[in-house]
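Report on the following structure.
The values are calculated or read from the model by the stated rules, or taken from the named source; none is laboratory data. The structure displayed is predicted, hence computed values, not measured ones. Every residue, glycine among them, receives a Cβ derived from its backbone with ideal geometry; neighbour counts consider all protein chains shown.
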Protein chains: 4
Amino acid sequence: MKVGIIGASGYGGLELIRLLHNHPEIEQIDLFTSSEVGTVFSEKYPHLVTIHDQPMQAIEQEHIRQLDTVFFSTPAGVTTSLLPPLVGVGPKLIDLAGDFRLKDPSLYEEWYQKDAPEMKFLEKSVYGLPEWNKEQIKEAEFIANPGCYPTAVLLSLLPLLKNELIDGSQLVIDAKSGVSGAGNKPSAVTHFSETNENFSIYKLHQHQHIPEIEQAMNLFANQPEPITFTTHLVPMTRGIMATSYAKVNKQVTEKQLLDCLRETYKESPFVRVLTDIQKIGTKQVYGSNYCDIHVKVDPRTNRATIVAVIDNLVKGASGQAIQNMNILYGLDETTGIDNIPSFI
Amino acid sequence: MKVGIIGASGYGGLELIRLLHNHPEIEQIDLFTSSEVGTVFSEKYPHLVTIHDQPMQAIEQEHIRQLDTVFFSTPAGVTTSLLPPLVGVGPKLIDLAGDFRLKDPSLYEEWYQKDAPEMKFLEKSVYGLPEWNKEQIKEAEFIANPGCYPTAVLLSLLPLLKNELIDGSQLVIDAKSGVSGAGNKPSAVTHFSETNENFSIYKLHQHQHIPEIEQAMNLFANQPEPITFTTHLVPMTRGIMATSYAKVNKQVTEKQLLDCLRETYKESPFVRVLTDIQKIGTKQVYGSNYCDIHVKVDPRTNRATIVAVIDNLVKGASGQAIQNMNILYGLDETTGIDNIPSFI
Amino acid sequence: MKVGIIGASGYGGLELIRLLHNHPEIEQIDLFTSSEVGTVFSEKYPHLVTIHDQPMQAIEQEHIRQLDTVFFSTPAGVTTSLLPPLVGVGPKLIDLAGDFRLKDPSLYEEWYQKDAPEMKFLEKSVYGLPEWNKEQIKEAEFIANPGCYPTAVLLSLLPLLKNELIDGSQLVIDAKSGVSGAGNKPSAVTHFSETNENFSIYKLHQHQHIPEIEQAMNLFANQPEPITFTTHLVPMTRGIMATSYAKVNKQVTEKQLLDCLRETYKESPFVRVLTDIQKIGTKQVYGSNYCDIHVKVDPRTNRATIVAVIDNLVKGASGQAIQNMNILYGLDETTGIDNIPSFI
Amino acid sequence: MKVGIIGASGYGGLELIRLLHNHPEIEQIDLFTSSEVGTVFSEKYPHLVTIHDQPMQAIEQEHIRQLDTVFFSTPAGVTTSLLPPLVGVGPKLIDLAGDFRLKDPSLYEEWYQKDAPEMKFLEKSVYGLPEWNKEQIKEAEFIANPGCYPTAVLLSLLPLLKNELIDGSQLVIDAKSGVSGAGNKPSAVTHFSETNENFSIYKLHQHQHIPEIEQAMNLFANQPEPITFTTHLVPMTRGIMATSYAKVNKQVTEKQLLDCLRETYKESPFVRVLTDIQKIGTKQVYGSNYCDIHVKVDPRTNRATIVAVIDNLVKGASGQAIQNMNILYGLDETTGIDNIPSFI
């Protein structure tokens, strides 16, 4: 297969390159850019010397149409205009940005402060959360790959909400992310001397992933209530932890919660439900496509603490995009992305 | 004043040494140890060469009684036997450990899994949270210095609970700490290669600071309900953030919450209420005795997110202990601890 | 192939597990331990849940003899007694420890402060630096896998010494390593709060890798002079940089140095010679088996600065061990270890 | 005293603010800026809320002339035009930038790629390395505060060179710095996700501190030879280590080197000569004005490894500037900067 990456020099693009390199079905990777045409990729990123020494190419429709799969790893707002002309003309399309995730254009415009895509394209997009939407993904014209935070939150909460084991009306979700989630553009937020040794909270109640989480909870688990969601920046590069708090429904036990999670994901190779542990940390999924989940009920308050960890760049972005590609092509969904986490 | 530090080689002790060095009323600091008598302090800690080149001394009652103030910076369980013989015999006593914080000995035994101190001494101990207990501290026979997490949680929540602006029956507190909170004893939890780049959750619902927080909420704000409290380990050395979630009571506005906090702390030099900010992080109080607080109401859920940051070793331990010492002696409470945070 | 890892729970072992997982010729990995027999591996290391849920096994000769390859990832001194009985009885043997690297037993005893292996086994060991010793490796009875620092130092200096482009009599080598080089045993040196934000120097002139480097310089490049070698600890987990300083021989130009390096390694897939760069860092080889080399001559002093970076756990240990295994079996030497560095 | 800081929002400025806050002779600190006039300082830097809530002021000569001391903490090239008009008109002037350090204007123009200041002002500037130039500093019209790397290098090497104990003709200096040395302007070099866990080398043989070091070696120690000097970036915020390598002159012992250092600095409160240590790290001077030095001779090569650590923002910049101010005013040179390092 020949694939193209549009926005190759961003972190989503770099991680696609890293993962696709070991994918047995990929024979060619073309790297596209709008702003750095002609730059030799390995001069910008020396870790790719001898591996990607070709120059980045201009985004030309004719070229792109001949590819088998195109990944869009671009800032919000770009695929709204770039993707529609490519729908149905050839390559399978996987959008890592947020443009086509929200079915309601007014929500996109409210939370992203940008013009939404046309309705007819929004309707065609399929939300690429494989563990919950595999059948639709198989038939998709194009994929809206989920956001990093939503992936961790939804994988850990959807089973418990759908099976009415926890109370969806009072969800509190405290999410934490490594700094790579902010991308490769230097700014005060990502400036080493101010970020290092500094755990911070940002975008209180205003993160654009909130409507995405709520839409999916409504769609997959009939949970229509708004959530309380905050995001924190951890002085580390990779990793997301979502710690969620929910009232447990009457008579429900911790064992039922764990059984529900295990039952839901018994066929899902990338979701691991942990029990009897002292500690769960982001490093245990570092570099891999796993999502590890744990739940514990506090008998004093009858509230459950549900924990999920992912690598934001893999299961939270590029790994999941490849998982979607695998499904689109009828491959085993773990093809090329079954590597072990790099715990140390 | 002559002061002594028992347990000098722990991190609480080291931080007392650092802060007391610039305290204008201190003329002598004696360092005591039970396990390393005779070790030259600066050989163990070379950052103190030329500053503390004396050997650590054995814990002898006669010597200790001649001091003006004694700080106990020992592991849980040690002051239960070590402190009582010194009550009322001379020096002012400030215990940085948890032994005398819980008034109900059965709670101590349940959460600490150790024998509680005698009731008559528990009754004499005064909880050293100056912003809420200054009058009692002034008259105290000895001080139980608060835990690190409780300091951040209580300073940010007590005003809102006491004034019945938030619903105390459904509190969710998501706390995060730097690794220095685990002390100076090497272990798997603090092993660099496994802690670095690893954000983890530990002691779910089981942290021994839970009953301390609940006791203080009951005492200072008439809030008797159990809390949901979890603790996370951040790959950084210093700093605590407590992110708390509470239902806002009817008709209460964000402005009222902020006004309440500001009013409560208008005479408290170490508590700063922040507004109109994009970000709040632990580094903005690094090395200082400040506690910075921010609150924001989510109109979609009518839930408030209340954020507090402290340096766990300063306001969360040694700085607050010195603040208590200052109050005990009638000094300005900022004496010796009014340094600016080291943001970079 | 069936392989066994003795000392599986150390970092060398963990990294072997991570890399061998994606090796197409490996069908089974047995994990051996002397101290934790019966412990379920994934309970100790949760990142391996669903991947290595088997218990660790006792080191039994009969079992081990049936394997195709055995990796020893044990502390110094263990293989001196453990390895000899297995020589020639079946499995190929690769020792990641230092026991069999030094041909002169008195040097081992001086620098390691342990009894050296028997001479007859020392004579049989082959130093597993593939880029310099491939023919011998192919025929080896067993392999002494190089140390982490020597790998970086030798790959960057041997070509220049052998071709007499630099003066070997005044070499200064300033080496820096991430903390994972210290292994998984907690100690003060690896305690997060004292290691984080702390760049330190250790073992001045006394590192046990010194005689290993000198032996190889003598053997492969006829350079018999002692080196000045120091080691530093960098507050990061992985990565080694060796910065070496050498007088450039008369009339030799920077271009000649670079050409020599390129020519030497034109058939070596894991060595990359970089030119025209602003910066070279350990992250550009993170998680991979690459060694990146750069050299620059200072015309003011006619001294060359030669820089090499590797991932200490991959090219500096487990990746190189697999590279040796590949060569022993006549496989392409990149099999299973041709992954891209994880730059972010 | 009333002091002003020009370029207050840079890291040199922030650190001056932090340190001057505890200086007993300072009653007022005015903050000047060229680009952010009117910005409330604590809105830019929330760690200063309640401490510096005043707006930054325009750089007006009339205002500045009324101050007692003015610190210039500006990028290279600014004081060349800004400082001369203030010489001799009132305030004592301390320049933290490099503009007036090099007496030879052609060197400045070569290494800084900027126009040099006028010769008559270059001649008046006094190099502010108090341990070596105190008498001149006392009488100075204005001070050129030393660079961060030169401070560590010169303090550790000058005594040995001046006393002809080491060979100055073959000096190799391998220097390492935390990221705060790069200032507060976001760039790829300081972008967290690419700097974290990445030890890198930069500006090989081209750092602008090279001529500064050479000038001072010539001036203070009659050592006219060029040096080999490289600089590395450590993934931490603060701290510099300079590891220097020198041939020991004939018959000279390690003890002589240590004695020479101790004798040289016996009256210097900020220089500590360490002996009998296993490890020396940057954290042992963190936040303080100390420079710790250690030296060890390798009998195998008769080469000495000389190690110096400083906090680049304190002894390497703002702390040393205050030390100079103290000397200019005849105060004890430790006034306000005698705080203990924050080892944890």
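Can C:Ser156 be described as more than 11 Å from chain D (Cβ to nearest Cβ), within 22 Å of C:Cys260 (Cβ to Cβ) and in contact (Cβ under 8 Å) with a residue 40 or more places away in the chain? In short, yes.
Selection of the stretch A:32-75 for residues being touching a Phe, Trp or Tyr at 6+ places or on another chain (Cβ under 7 Å) and touching a residue at least 40 places away in the same chain (Cβ under 8 Å) yields A:Met56, A:Ile59. Scanning for something in contact with a helix residue (DSSP H, G or I) (Cβ under 7 Å, 6 or more places away or on another chain), within 7 Å of chain D (Cβ to nearest Cβ), assigned to a strand (DSSP E or B) and in contact (Cβ under 8 Å) with a residue 24 or more places away in the chain, does the stretch C:239-247 turn up at least one residue? Scanning the stretch C:239-247, I find at least one residue that is in contact with a helix residue (DSSP H, G or I) (Cβ under 7 Å, 6 or more places away or on another chain), within 7 Å of chain D (Cβ to nearest Cβ), assigned to a strand (DSSP E or B) and in contact (Cβ under 8 Å) with a residue 24 or more places away in the chain, so the answer is yes. Would you please name the residue that is nearest to the chain's Cα centre (by Cα), looking only at residues in the stretch A:24-46 that are farther than 18 Å from A:Gln61 by Cβ and among the charged types (D, E, K, R)? Going through the qualifying residues, I end up with A:Glu25.
Beta carbons closer than 7 Å, at least 6 apart along the sequence or on distinct chains, pair a first residue in the stretch A:326-344 that is within 12 Å of chain C (Cβ to nearest Cβ) with a second that is in a helix (DSSP H, G or I) and acidic (Asp, Glu) for A:Ile344/B:Glu194. For the stretch D:1-16, the set of residues classified as assigned to a strand (DSSP E or B) and small (Gly, Ala, Ser) consists of D:Gly4 only.
For the stretch C:256-279, which positions are outside any helix (DSSP H, G or I), in contact with a Ser or Thr (Cβ under 7 Å, 6 or more places away or on another chain) and either more than 14 Å from chain D (Cβ to nearest Cβ) or modelled with pLDDT of 95 or more (or both)?
Narrowing the stretch C:256-279 to residues outside any helix (DSSP H, G or I): C:265-279.
Cutting the leftovers down to in contact with a Ser or Thr (Cβ under 7 Å, 6 or more places away or on another chain) gives us C:269, C:272, C:279.
Selection gives C:Pro269, C:Arg272.
For the stretch C:176-190, a residue qualifies if it is over 22 Å from C:Lys315 (Cα atoms) and facing chain D (nearest Cβ under 10 Å), and the qualifying residues are C:Ala188, C:Val189. So is D:Thr275 hydroxyl-bearing (Ser, Thr, Tyr) and either crowded, with 21+ Cβ neighbours inside 10 Å or closer than 25 Å to D:Asp95 by Cβ (or both) or not? Taking the combined requirement at face value, the residue does not satisfy it. Of note, A:Asn163 does not satisfy the criterion of being over 24 Å from A:Lys103 (Cα atoms), away from chain B (no Cβ under 12 Å) and modelled with pLDDT under 95.
Taken together, the criteria place B:Leu129 among residues that are surrounded by 23 or more Cβ atoms within 10 Å (Cβ to Cβ), closer than 30 Å to B:Val248 by Cβ and out of contact with any strand residue (DSSP E or B) (no Cβ under 7 Å at 6 or more places or on another chain). Filtering the stretch A:90-141 to residues that are acidic (Asp, Glu), touching a Phe, Trp or Tyr at 6+ places or on another chain (Cβ under 8 Å) and within 25 Å of A:Asn222 (Cα to Cα) leaves A:Asp99, A:Glu131.
Conditions (1) closer than 30 Å to C:Val179 by Cα; (2) outside the structural domain of D:Gln251 (by TED's automatic domain parsing); (3) assigned to a helix (DSSP H, G or I), marked per residue:
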residue: D:Glu131; (1), (2), (3): no, yes, yes
residue: D:Ile137; (1), (2), (3): no, yes, yes
residue: D:Ala140; (1), (2), (3): no, yes, no
residue: D:Val153; (1), (2), (3): yes, no, yes
residue: D:Ala175; (1), (2), (3): yes, no, no
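Of all residues in the stretch D:70-106, those that are within 20 Å of D:Leu19 (Cβ to Cβ) and either surrounded by 23 or more Cβ atoms within 10 Å (Cβ to Cβ) or outside the structural domain of D:Ile322 (by TED's automatic domain parsing) (or both) total 10. Scanning the stretch B:46-69 for residues that are under 30 Å from D:Arg262 (Cβ atoms), surrounded by fewer than 17 Cβ atoms within 10 Å (Cβ to Cβ), of a type in the set (S, T, N, Q) and out of contact with any Lys or Arg (no Cβ under 6 Å at 6 or more places or on another chain) yields one hit, B:Gln54. When the stretch B:198-212 is filtered for residues that are part of a strand (DSSP E or B) and surrounded by fewer than 20 Cβ atoms within 10 Å (Cβ to Cβ), only B:Tyr202 remains. Note on the stretch C:17-34: residues that are more than 11 Å from chain A (Cβ to nearest Cβ) and either part of a loop (DSSP other than H, G, I, E, B) or closer than 18 Å to C:Glu333 by Cα (or both) amount to 6. Determine whether the stretch B:167-175 contains at least one residue that is within 14 Å of chain A (Cβ to nearest Cβ), among the hydroxyl-bearing types (Ser, Thr, Tyr), closer than 24 Å to C:Ser193 by Cβ and touching a residue at least 40 places away in the same chain (Cβ under 8 Å). No: the stretch B:167-175 contains no residue that is within 14 Å of chain A (Cβ to nearest Cβ), among the hydroxyl-bearing types (Ser, Thr, Tyr), closer than 24 Å to C:Ser193 by Cβ and touching a residue at least 40 places away in the same chain (Cβ under 8 Å). Out of C:Asp292, C:Asp311, one residue alone is more than 24 Å from A:Asp311 (Cβ to Cβ), in contact with a Lys or Arg (Cβ under 6 Å, 6 or more places away or on another chain), among the acidic types (Asp, Glu) and at pLDDT 95 or above. It is C:Asp292.
Taking the criterion of being buried (at least 18 other Cβ atoms within 10 Å of the Cβ) and under 17 Å from D:His47 (Cα atoms), the residues of the stretch B:260-272 that qualify are B:Phe270, B:Val271, B:Arg272. The listed residues are C:Glu197, C:Glu214, C:Glu225, and the only one of them that is acidic (Asp, Glu), within 11 Å of chain D (Cβ to nearest Cβ), in contact (Cβ under 8 Å) with a residue 24 or more places away in the chain and over 19 Å from D:Ile240 (Cα atoms) turns out to be C:Glu225. Residue count for the stretch D:291-307 under the criterion of being assigned to a strand (DSSP E or B) and out of contact with any helix residue (DSSP H, G or I) (no Cβ under 8 Å at 6 or more places or on another chain): the result is 4.
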